[in-house]
Amino acid sequence: MPGLVVAALLTLVWLAGLINDNALRSLAVGLFNFVGAWSLAAIATRSPVALRQVLLGLTLGLLLLGIGDLLFTWALNFSVDTRVLRQPIYIAGVFLLLVMGSMLPFSMERQGLYSEGFSRRVVLLALLGGAILAGLSFLVRPLPTVDLLYAGAAFYLTLVFVQQAQMLAGGRIGRALQGVVWALVLGSLARIVTVLGGAEPARWSVVVYDLLWISAMSVLTWSARRGA
């Protein structure tokens, strides 16, 4: 329940920032990362050991993205260039999410939640689809190398997670993990929006990113409560 209350309060802060203060809006979105990480850690502690390690790794990746987002907010507030600090933190966070996101279906398969061979198929299809979509996005709007890698990673993770969304077994843990997968789908879609939005994104793309990311963190919070 505290997580849901904090999420509701941050949503109100975000709405106020959307109307009056861009830095306040950015701060609310950055703080949502920590609410989501707390919820993901809560789900991890109630999961089998093999899944717990992967979920805690995803939690750490989410915390790093949160730190990066707060540095971005700092830059907005004080007109300080934080890219030198931000980029390595974002890269480390994305790397963790890539590795742990790829391990998640294999861990679930070992727990008997997926049929044998399903995880390998998920990863291979996601790799192929991610590469194709990254290439198409480059044709539509050429991206710098780093942004292209971010886009490819976001496409890949989206395809990895969306293939798992309807595959989980029932029960308390299964329901909580299904929420995790849907949250990761929404979060990956949000990152695609922000990468393709460019260095100076249109207002609509900022709002869409915020809504997707807030929804992802809220789903994690609800799933943590549901699986309690």
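The values are calculated or read from the model by the stated rules, or taken from the named source; none is laboratory data. Here the structure is a predicted model, which is why all the values come from computation and not from measurement. We place every Cβ from the backbone using ideal geometry, glycine too, and count neighbours over all the protein chains shown.
Would you mind stating whether residue 59 is assigned to a helix (DSSP H, G or I), in contact (Cβ under 8 Å) with a residue 12 or more places away in the chain, within 20 Å of residue 220 (Cα to Cα) and polar (S, T, N, Q)?
When the stated conditions are applied, residue 59 passes them.
Quick check: is even one residue across the range 69-91 within 18 Å of residue 220 (Cβ to Cβ) and in contact (Cβ under 8 Å) with a residue 24 or more places away in the chain? So that I can check it myself, show each step before the final result.
Initially, the range 69-91 is screened for residues within 18 Å of residue 220 (Cβ to Cβ), giving 69.
Those still in the list that are in contact (Cβ under 8 Å) with a residue 24 or more places away in the chain too: 69.
Yes, the conditions are met somewhere in the range 69-91.
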Checklist entry - Quick check: anything in the range 75-88 aromatic (Phe, Trp, Tyr), under 18 Å from residue 30 (Cβ atoms) and in a helix (DSSP H, G or I)? => result yes
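Quick check on my filter: what residues within the range 12-22 are closer than 15 Å to residue 209 by Cα, surrounded by 15 or more Cβ atoms within 10 Å (Cβ to Cβ) and touching a residue at least 12 places away in the same chain (Cβ under 8 Å)?
The initial filter retains those residues of the range 12-22 that are closer than 15 Å to residue 209 by Cα, namely 14-15, 17-18, 22.
Going one step further and asking which of them are surrounded by 15 or more Cβ atoms within 10 Å (Cβ to Cβ), we end up with 14, 17-18.
Correct list: 14, 18.
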Item to check | Test: residue in the range 25-48 that is loosely packed, with under 14 Cβ neighbours inside 10 Å, aliphatic (A, V, I, L, M) and closer than 25 Å to residue 205 by Cα | outcome: no
Checklist outcome for this item: For the range 122-141, pairs from a residue that is polar (S, T, N, Q) to a residue that is at pLDDT 95 or above and not in a helix (DSSP H, G or I), with Cβ under 6 Å and 6 or more apart or across chains, are none
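Restricting attention to the range 24-52, report how many residues are without any contact (Cβ under 8 Å) to a residue 12 or more places away in the chain and of a type outside the set (A, V, I, L, M). It would help to see each step written out before you state the result.
Filtering the range 24-52 down to residues without any contact (Cβ under 8 Å) to a residue 12 or more places away in the chain leaves 24, 45, 49, 52.
Of the ones still in play, those that are also of a type outside the set (A, V, I, L, M) are 45, 52.
Number of matching residues: 2.
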Checklist entry - Can you name the residue in the range 95-114 that is crowded, with 18+ Cβ neighbours inside 10 Å, of a type in the set (Gly, Ala, Ser) and free of Cβ contacts under 8 Å to residues at least 60 places away in the same chain and is also nearest to residue 178 (Cα to Cα) among such residues? => result 107
Checklist outcome for this item: Counting only residues in the range 70-86 that are surrounded by 14 or more Cβ atoms within 10 Å (Cβ to Cβ) and hydroxyl-bearing (Ser, Thr, Tyr), the one farthest from residue 33 (Cα to Cα) is identified as 82
